[in-house]
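What follows is a short report on a single structure.
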Amino acid sequence: MAKDLFDAAKAALAFSHSPYSHFPVGAAIRGDDGHIYSGANIENMAFPDGWCAETTAISRMIMGGAKRIAEIAVIAEKTPLCTPCGGCRQKLSEFAGPDTRIWLCDDTGPQRSVTMAELLPAAFATDKLT
Ligand code: THU
């Protein structure tokens with residue numbers, strides 16, 4: 001994984017709005033257009049209305065015009081190699097393929113990667129939504 005993706009995920013930590021959990025998370029997606037879209041978690045006083053760093057990054061990717069996730073890096077300030085939560089796995093899978101790499105990072109860089117298929121085996125899929 002190129003360092004620019006890690007640097008973007010780490011830089012995103014500074015934008016985390018997490019006054020309730022005190023658990024800043026940063027994410028950075030490389031889109032199929034080659035651009036990097038970063039995001040941080042944004043919490044809300046009404047707890048269920050907050051959202052994750054990956055979700056922010058996906059939103060920025062879609063509104064930036066990219067269609068697919070080439071790779072993504074995730075970093076949490078307090079938990080090395082933090083993996084995306086269940087809801088984010090589903091959201092990521094909408095725009096990723098089974099071989100898309102998710103880079104798990106610590107403070108110094110990416111330490112491990114997992115594929116989308118490893119993160120979300122037996123993902124929900126149907127051709128009946130018409
Ligand atoms: N969080 C993320 O941003 N991404 C994840 O994949 C795991 C959890 C955030 C949500 C919440 O703001 C905080 O971490 C604690 O759960």
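The values are calculated or read from the model by the stated rules, or taken from the named source; none is laboratory data. This structure is a prediction, so every number in the text was calculated from the model and none was measured. Keep in mind that these areas ignore ligands, DNA and RNA; they rest on the heavy atoms of the full protein, side chains included. Shrake-Rupley method; radii C 1.70, N 1.55, O 1.52, S 1.80 Å.
By a 1.4 Å probe calculation restricted to protein chains, Ile62 has an accessible surface near 70 Å², given to the nearest 10. The share of alpha-carbon pairs in segment 12-70 lying farther apart than 18 Å comes to 33%. Couplings for segment 116-124, taken from phi via the Karplus curve 6.51 cos²θ - 1.76 cosθ + 1.60 with θ = phi - 60°, read 4, 5, 6, 6, 9, x, 6, 4, 4 Hz in order; Gly and Pro are left as x. Averaged per residue, what accessible area in Å² does the chain show with a 1.4 Å probe, protein chains only? I get 55 Å² per residue for the chain.
Amide H contacts under 5 Å for Asp106: Leu81, Gln111, restricted to partners 5 or more places along the chain or on a different chain, H placed in the peptide plane at 1.01 Å from N. Once the chain from Met1 to Met63 is taken as fully extended at 0.36 nm per residue, the excess over their C-alpha distance is 19.9 nm. Can you spot the lysines whose alpha carbon is less than 30 Å from Lys67's alpha carbon? Ignore those fewer than 8 places along the same chain. Correct list for Lys67: Lys3, Lys10, Lys91, Lys128.
When the convex hull of its Cα atoms is viewed from all sides, the chain shows a mean projected area of 8.3 nm².
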